[in-house]
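Participant: The structure's right below; bear with me while I get my questions together.
We did not get these values from a lab; they are worked out from the coordinates using the rules stated. Every value quoted in this text rests on a predicted model; they were computed, and no experiment measured them. Methodologically, a virtual Cβ is constructed for each residue, glycine included, from the backbone with ideal geometry; neighbour enumeration extends over all protein chains shown.
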């Protein structure tokens with residue numbers, strides 16, 4: 001029954017995408033999870049709990065908690081009881097997770113598993129802030145054993161009411177997905193597990209530093225899955241986003257290694273897998289706590305060489321800034337020939353054997369100079 005419902009939920013996702021515009025979905029950051037990804041995420045969960053309590057903080061049509069239950073009841077020793085708490089606020093899709101919840105109840109009954117589930121038409125952030133604030137200094141009365149989530153991908157107004165409440169509760173982020181994960185971590189019980197699909201942007205950069213530090217302090221990172229292309233995970237939604245899936249456990253222990261895998265789109269049958277020492281994923285002593293995702297030996301060799309550098313860019317009086325100059329967005333500043341105030345534009349085609357070879361003929365017609373203006377930001 002669950003197997004059939006997951007296929008049906010794919011049709012619901014496709015219909016929902018057809019009935020709503022890409023812009024409408026972007027406004028709320030909602031991109032529904034395809035069933036193959038949901039099953040793959042659920043397969044990461046480790047067995048063992050007899051009384052399971054599942055949190056799905058952005059349920060959509062319910063495919064994630066359904067895949068989770070499908071996996072749990074199929075285990076050799078299924079749980080004794082399962083409880084699901086799912087949040088969804090979109091009125092257009094709200095009937096679907098409620099229907100999925102009833103199907104989950106039926107499959108649990110067939111397998112002799114006690115089931116209780118509820119879909120809350122509430123803002124997860126506001127609800128979770130209130131719940132975790134009340135129990136911040138006391139153990140939660142009923143924490144979750146499992147969190148499975150595809151949170152919304154959207155920046156929010158840092159001066160808005162939601163941001164104020166988040167900051168007041170000690171959560172400083174600028175993106176909804178990080179806030180969802182942070183609050184969900186607080187709602188886990190000791191030994192609880194979280195599986196999430198999110199952008200990989202939190203792995204580095206200053207904007208997510210506080211989130212990374214809390215994430216790595218709280219959870220034991222067990223596995224990270226990468227996609228070979230940034231438009232594969234939600235390809236039919238035209239989402240140009242580098243997504244990753246990760247599995248982590250609240251157990252107070254740091255693993256010796258992290259399983260890093262990679263697949264093309266939703267074909268997980270041919271995934272590449274590598275066990276990387278934890279110290280190579282999160283370097284000891286790194287104050288920024290960057291999460292390094294090198295998969296193959298070449299990347300690991302490069303990381304090792306970079307790690308041997310004894311100086312810093314600051315000491316060398318160098319600065320690096322990515323994304324400031326994107327040629328097609330700054331056409332008025334491009335020049336074919338050098339002028340006063342211009343600087344060379346360097347593209348990937350100019351890198352060769354560790355050095356810059358400029359100028360060089362490339363297969364594309366590109367302007368080689370950029371007119372640099374003071375106080376100008378691109």
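Participant: If eta is 1.306 mPa s and T is 10 °C, what Stokes-Einstein diffusion coefficient results for the range 56-118, Kirkwood Rh from Cα pairs, in µm²/s?
Facilitator: My calculation gives 136 µm²/s for D.
Participant: Sticking with this structure for a sec: Using a Förster radius of 22 Å, what is the FRET efficiency between residue 167 and residue 306 based on their Cβ-Cβ separation? Nearest 0.05, please.
Facilitator: The pair residue 167/residue 306 has a calculated efficiency of 0.05.
Participant: Another one. Which of the peptides 344-356, 150-162 is most tightly packed, and how do the rest follow, judged by the mean count of other Cβ atoms within 10 Å per residue?
Facilitator: Peptide ranking by packing, descending: 150-162, 344-356.
Participant: What nm distance separates the two modelled labels at residue 286 and residue 331, each placed 7 Å from Cα along Cα→Cβ?
Facilitator: My value for the distance between the label points is 3.9 nm.
Participant: Now for a different question. Test of understanding: ordering 242, 88, 49 by Cβ neighbours within 10 Å, fewest first, what list do you get?
Facilitator: In order of increasing Cβ crowding within 10 Å: 242, 49, 88.
Participant: Report the FRET efficiency, 1/(1 + (r/R0)^6), for residue 102 and residue 274, where r is their Cβ-Cβ distance and R0 is 41 Å, rounded to 0.05.
Facilitator: Calculated value: 0.50.
Participant: Could you rank the peptides 274-282, 249-257 by their average count of other C-beta atoms within 10 Å per residue, with the highest value first?
Facilitator: The most tightly packed comes first, giving 274-282, 249-257.
Participant: Ok, one more. For a Förster distance of 56 Å, can you work out the FRET efficiency between the beta-carbons of residue 46 and residue 351, rounded to the nearest 0.05?
Facilitator: With R0 = 56 Å, the Cβ-Cβ based efficiency is 0.85.
Participant: Quick one: order 337, 53 by neighbouring beta-carbon count within 10 Å, fewest to most.
Facilitator: Fewest-to-most Cβ neighbours within 10 Å comes out as 337, 53.
Participant: I would also like to ask the following. Points 7 angstrom from Cα along the Cβ direction at residue 158 and residue 114: gap in nanometres?
Facilitator: Label at residue 158, label at residue 114, 4.8 nm between them.
Participant: So between residue 257 and residue 210, what do we pick up on full extension, going 0.36 nm a residue minus the alpha carbon distance?
Facilitator: Roughly 14.6 nm would be gained on extension.
Participant: Could I ask something else about it? Only counting other Cβ atoms within 10 Å, I'd like 358, 182 sorted with the fewest neighbours first.
Facilitator: Fewest-to-most ranking of 358, 182: 358, 182.
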